[in-house]
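The next block holds one structure in the form of C-alpha cells; read it before the comments.
Here, each number is a calculation from the coordinates, and none is a lab measurement. From a predicted model like this one, the values you see are computed outputs, not experimental measurements. Every residue, glycine among them, receives a Cβ derived from its backbone with ideal geometry; neighbour counts consider all protein chains shown.
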Amino acid sequence: MEAISKDVLSGNRRALARAISVVESGGEEASSLVRALFAHTGRAHIIGVTGSPGVGKSTLVDALITECRKEDLKVAVLAVDPSSPFTGGAILGDRIRMQGHTLDRGVFIRSMANRGHQGGVALATYDAVRMLEASGYQVIIIETVGVGQSELAIAQTADTTVLVLMPGSGDDIQAIKSGIMEIGDIFVVNKGDLPGANKSASEITASLELNSFKTDWRPPVIVSIAETGQGIDQLWSSVKNHKKFLEQEGLLESRRLERIQAELSEIVADIARRNLKESLKSSSEVQEVLDGIIKREVDPHTAARKLIGSMFDQVSTSK
Ligand SMILES: Nc1nc2c(ncn2[C@@H]2O[C@H](COP(=O)(O)OP(=O)(O)OP(=O)(O)O)[C@@H](O)[C@H]2O)c(=O)[nH]1
Ligand SMILES: [Mg+2]
C-alpha cells in the first residue's frame, strides 16, 4: 500500500486507477489506503451531476471538462451507476461521452457501479473521491443516473449539486412532486433545442419560488444545449458562484460535516452488517439466541438489541 499511495500522490495515473479499484472492493486494503492518503484529501470542489437516464448528463459533463481545462484545472469524472451490478469498473460504454478528452493528462474519467447494497457504492464513492484528491484533481464531477434514494445519497457527496432535466419528459413535474428539487443547487433544462425548454424552465423557477430555503442561495435555472455547448459557460459560472457562496457563508464546512456524519453511520452500519453475517453463521451466542427465539423464550426484538450490544463490544475490543 505504501508504494501505491506514493505513486497516487505523485499523480501517476495507473496507480490512481489501481487505488480506485482497491477502494471499490472495500475491506482492509481499502481502509489502509485511505488511512495513508487521508491527510492529502478534502481539497477539491466536488460537483454532483444527476438526472434521469438520457437527459444529457455525460454530454454536459464533457462540456464542463472543457471549461475546467480552459482554466487549467485538473478535472476528474466519476460516473456512478447505482442500478448496475458491479462489473469491475469497466462499464463506461456509451454512458460516457467524453472521448474528446482521453488524451488530456489533466483529465481522468472512471466509472463505478453497485457493489450489492446501497451503502456500498456511496462508501466507495467517498473513498474514490479521496484518491482523486490525493492525486491532485481540483475539480471532481460525479455523474449519477436516476433520481432515486441511492442516487440522492451519492448526490449528497457533492459540494454543489446540478440537477439536469429535459423538456417534455414529465421529469420536471416528477421532480417537483417528489421533493427532489431540494437537493439541486443549480437546475439545468438541457436539450434546449427541443420544444418546451423555456416552459419547463419557468415551471421549475415558479415551483422554486414556493420553496422555503435554508440559506440565501437561490438556485439558478439554466437552459442549455450540451451538444453545442450553448449555456455551458453560464452553468460553469453558476457552479463557481455556488462554491464562492458556500465559502463565504461558512457552509462548505457544514456540508462536509453532514457528509462525514452520513459516511460514518454508513461505515458503522457496514461493519455491523458484515459482523452479523459472520456471526449468523458461526457464533455460538447467535445460535443460542436463535434457539431461544424458536423456543419462545425471547422475542426477536429483545434478542436483536442484545446481539447489537455484544457485537459492538466485540468490535471495540478486537481493534
Ligand atoms: N437534442 C439534443 N440532444 C442532446 C443534447 N445533449 C445530449 N443530447 C443527446 O442525448 C442523448 C443522451 O446523452 P447523454 O449525455 O449520454 O445522456 P446521459 O444523461 O449521460 O445518459 P445516461 O448516462 O445514459 O443516463 C445522446 O444521444 C446525446 O447526443 C442536447 O442539448 N440536445
Ligand atoms: Mg451518462
TODO: Straight distance only, please: which aspartates and glutamates reach the Cα of Lys57 with their own Cα at less than 18 Å, same-chain residues fewer than 8 apart left out?
DONE: Glu67, Asp81, Asp94, Glu143, Glu151, Asp159, Asp171, Asp172, Asp185, Asp193, Glu227, Asp233
Open item on the list: If I model a spin label at Arg43 and Lys295 as a point 7 Å from the Cα along the Cα→Cβ vector, what separation in nanometres do I get?
Closed with: 6.2
TODO: Determine the sum of side-chain charges near Leu16: Lys and Arg each +1, Asp and Glu each -1, restricted to other residues whose C-beta is under 14 angstrom from that of Leu16.
DONE: +4
Open item on the list: How would Thr228, Thr125 line up from fewest to most surrounding beta-carbon atoms within 10 angstrom?
Closed with: Thr228, Thr125
TODO: Going by C-beta contacts inside 10 Å, put Thr41, Thr50 in order with the fewest on the left.
DONE: Thr41, Thr50
Open item on the list: Using the Cα centre of the stretch 212-292 as the reference point, and only Cβ charges (+1 on K/R, -1 on D/E), how large is the resulting charge dipole? Debye, rounded to the nearest 20.
Closed with: 340
Task: Cβ-based exposure ranking for Arg130, Arg259, Arg13, in which fewest neighbours within 10 Å come first - done: Arg13, Arg259, Arg130
TODO: Could you work out, for the stretch 261-318, what percent of all Cα-Cα pairs fall into each 10 Å distance bin, beginning at 0 Å and stopping at the bin that holds the largest distance?
DONE: 21, 50, 23, 5
Open item on the list: Cross-link candidates for Lys199: which lysines have Cα within less than 16 Å, leaving aside residues fewer than 8 places away along the same chain?
Closed with: Lys191
Task: Computed FRET value (nearest 0.05) for Leu103 with Glu288, which takes r as the C-beta separation and R₀ as 51 Å - done: 0.25
- [ ] Would you mind calculating the gained length between Leu257 and Arg218 on full extension (0.36 nm times residue separation, minus the Cα-Cα distance), in nm to one decimal?
- [x] 11.8 nm
Open item on the list: Please give me, ordered by residue number, the GluC sites (Glu not before Pro) of the stretch 9-84 that lie in loop per DSSP and have at most 16 other Cβ atoms within 10 Å.
Closed with: Glu71
TODO: Please give the peptides 189-200, 52-63 ranked by average Cβ packing (other Cβ atoms within 10 Å per residue), highest first, as a rough proxy for protection.
DONE: 52-63, 189-200
